[in-house]
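S.K.: Handing you this structure, nothing more for now.
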Amino acid sequence: MKIAVIGTGYVGLVVGACFAENGNDVMCVDKDGAKIRALQRGRIPIFEPGLEELVRRNRSEGRLSFTTTVARAVRVSQVVFIAVGTPMGEDGSADLQHVLEVAREIARAMNGYTVIVNKSTVPVGTAERVRAVIRRETTHPFSVVSNPEFLKQGAAIEDFMKPDRVVIGAEDPRAGTLMRELYSPFTRTGAPIMVMDCASAELCKYAANAMLAARVSFMNEIANVCDAVGADVDHVRQAVASDRRIGPSFLFPGVGYGGSCFPKDVKALLRFSREQKYDFQILKAVEAVNEAQKARLLAKLDAHFGSLKGKTIAVWGLSFKPKTDDMREAPAITVVHGLLSRGARVQAFDPEAQKTARVIFGTRITYARSSYDALGSADALVIMTEWNEFRRPDFARMKRLMRQPVVFDGRNIYEPANMRERGFTYHSIGRP
Ligand SMILES: NC(=O)c1ccc[n+]([C@@H]2O[C@H](COP(=O)([O-])OP(=O)(O)OC[C@H]3O[C@@H](n4cnc5c(N)ncnc54)[C@H](O)[C@@H]3O)[C@@H](O)[C@H]2O)c1
């Protein structure tokens, strides 16, 4: 099938590369000329495991190409995916300006029946708005489909290639059939393709992200109660997770969720519920708990040191989660700013996100060459992201490098008893 993907970010590039890998002809579009030039030279502008190889192979085999011109891609495609950003607007709603702008450009370029698929995360009613925009601009027949994306950064290719389910909002049977055909190679293991109305499809994505965010905030509150009463959240989590009605995913307490999706999607769902006069009470608490949780480690540092003025703090991990260079809404941003505002010096290391971090913090922090390099004369280490390489470090070497062997572990990656045996003062989340 001939496909266009507009927006070549974390989602669009993965979607384009994976469809090409299954034999489709895909043209990816982005308005960011530098990004497209890099991709045309075989360079991947983001870090996502396995993506570089996939893009390179499909490009060299002629199934994947890149352009900055929407019209060029639309004219040769039967199916056009919109995968541009829907960032948080000032009032918390999803900002749809890029989606609607792209819809207009697609409509102007269409030269026959086209299926326009919205893959960006958008509030209920957006398919209708996209349809209206296109109708105003063209007389060609078209269908609008909602096809929310559930991939996780860090495992995006695996998630897209082997989805738990594919959700398709299609009110037009012709478009529904085409979408089923397109996705059938990805669902051979039995994952369902769920076809429904567009409003329900649009809501699926928000409901899933809100539920996951709620699990994280719920478990963070349980961890905070553990801190208060001297219980161990690891035991509590394992017992809760073994209940088949609950299951183990997304029950790890920590420093709060971040990323490009949960914070903005929780806000957007709250916002469009409120617009319909519905007060989504649980979600308000999910968000408030998360904001408070981001400051939890800072409170522990304050309690330990009294004052952080003049202290040198090493930070391991800046990205919002491992295996990505993405720092959008990362809890590390709150913690680093908190440390700086208290007069501490910050020496940070992240395996992939340092380039991103430089844009955020500039020269206000020091960027270390390695995890050990960050520890030089540090009064404490703060762990913000559970990258694999932080899990089994050389603890003796760490102690030699640090001024004081104090660790604040925001991801609970070490055993408290072992750390004490090794001579560290060790603080984590919800564990005595
Ligand atoms: N990142 C994720 O893990 C994830 C997962 C599922 C769904 N989503 C949703 O997918 C959408 C895209 O997210 P992302 O993380 O890929 O965003 P991103 O910011 O990484 O990429 C968006 C891209 O769209 C491009 N763009 C914007 N306007 C354009 C235009 N008019 N023409 C051409 N290109 C344009 C930008 O230059 C950018 O490269 C969002 O709605 C997001 O909520 C993201």
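The values are calculated or read from the model by the stated rules, or taken from the named source; none is laboratory data. Owing to the predicted nature of the structure, the values given are computational and were not obtained by experimental measurement. Positions of Cβ are backbone-derived with ideal geometry, glycine not excepted, and every protein chain shown enters the neighbour counts. Areas reflect the complete protein model, heavy atoms only, side chains present, ligands, DNA and RNA absent. Shrake-Rupley method; radii C 1.70, N 1.55, O 1.52, S 1.80 Å.
S.K.: Within the range 404-432, track down each residue that is outside any loop (DSSP other than H, G, I, E, B), open to solvent by 50 Å² or more (accessible area, probe 1.4 Å) and more than 16 Å from ASP234 (Cα to Cα).
M.R.: Correct list: ARG420, GLU421, THR425.
S.K.: Out of ARG296, ARG328, ARG364, I need the residue that is among the charged types (D, E, K, R) and more than 29 Å from PHE218 (Cβ to Cβ). Which one?
M.R.: Selected residue: ARG364, the only one of ARG296, ARG328, ARG364 that is among the charged types (D, E, K, R) and more than 29 Å from PHE218 (Cβ to Cβ).
S.K.: Could I ask something else about it? Of the numbered conditions (1) in contact (Cβ under 8 Å) with a residue 40 or more places away in the chain; (2) assigned to a helix (DSSP H, G or I); (3) surrounded by fewer than 22 Cβ atoms within 10 Å (Cβ to Cβ); (4) aliphatic (A, V, I, L, M), LEU269 satisfies every one except a single condition; which is it?
M.R.: Condition (3) is where LEU269 drops out.
S.K.: Related question: In this structure, is THR177 open to solvent by less than 70 Å² (accessible area, probe 1.4 Å) and either modelled with pLDDT under 95 or β-branched (Val, Ile, Thr) (or both)?
M.R.: no
S.K.: Determine whether the range 191-203 contains at least one residue that is among the hydroxyl-bearing types (Ser, Thr, Tyr), within 16 Å of the ligand (Cβ to nearest atom), under 26 Å from the mean Cα position of the chain (by Cα) and at pLDDT 95 or above.
M.R.: Looking for residues that are among the hydroxyl-bearing types (Ser, Thr, Tyr), within 16 Å of the ligand (Cβ to nearest atom), under 26 Å from the mean Cα position of the chain (by Cα) and at pLDDT 95 or above, one finds none in the range 191-203, hence no.
S.K.: Is it the case, given these coordinates, that GLY42 is near the ligand (Cβ under 8 Å from one of its atoms) and either in contact with a Cys (Cβ under 7 Å, 6 or more places away or on another chain) or farther than 15 Å from VAL117 by Cα (or both)?
M.R.: Answer is no for this residue.
S.K.: So how many residues does the range 117-146 have that are touching a residue at least 40 places away in the same chain (Cβ under 8 Å) and assigned to a helix (DSSP H, G or I)?
M.R.: 4
S.K.: Another question about this same structure. Go through the range 91-116 and count every residue that is within 12 Å of the ligand (Cβ to nearest atom), touching a residue at least 40 places away in the same chain (Cβ under 8 Å) and among the small types (Gly, Ala, Ser).
M.R.: Matching residues across the range 91-116 total 1.
S.K.: Then there's this: Taking the range 237-257 only, how many residues are in contact with a Gly (Cβ under 8 Å, 6 or more places away or on another chain) and in contact (Cβ under 8 Å) with a residue 12 or more places away in the chain?
M.R.: Counting residues in the range 237-257 that are in contact with a Gly (Cβ under 8 Å, 6 or more places away or on another chain) and in contact (Cβ under 8 Å) with a residue 12 or more places away in the chain gives 3.
S.K.: Please find, among ASN220, ASN224, the residue that is part of a helix (DSSP H, G or I), open to solvent by 30 Å² or more (accessible area, probe 1.4 Å) and either at pLDDT 95 or above or hydroxyl-bearing (Ser, Thr, Tyr) (or both).
M.R.: One residue alone meets the criteria, ASN224.
S.K.: Right, something else. Have a look at GLU158, GLU149 and point out the one that is under 17 Å from the mean Cα position of the chain (by Cα) and in a loop (DSSP other than H, G, I, E, B).
M.R.: Residue meeting the stated conditions: GLU149.
S.K.: May I pose another question? Could you list, in sequence order, the residues of the range 11-51 that are within 19 Å of the chain's Cα centre (by Cα) and either assigned to a helix (DSSP H, G or I) or crowded, with 24+ Cβ neighbours inside 10 Å (or both)?
M.R.: VAL11, GLY12, LEU13, VAL14, VAL15, GLY16, ALA17, CYS18, GLU48, LEU51
S.K.: Let me ask you something else. Of all residues in the range 52-72 being under 27 Å from THR324 (Cα atoms) and hydroxyl-bearing (Ser, Thr, Tyr), which is least open to solvent (accessible area, probe 1.4 Å)?
M.R.: THR67
S.K.: Identify, please: which residue in the range 73-90 is without any contact (Cβ under 8 Å) to a residue 40 or more places away in the chain and under 24 Å from the mean Cα position of the chain (by Cα) and is, among those, least open to solvent (accessible area, probe 1.4 Å)?
M.R.: Only one residue fits best here, namely GLY89.
S.K.: Being in contact (Cβ under 8 Å) with a residue 12 or more places away in the chain and either open to solvent by less than 60 Å² (accessible area, probe 1.4 Å) or assigned to a helix (DSSP H, G or I) (or both): is that true of VAL359 here?
M.R.: no
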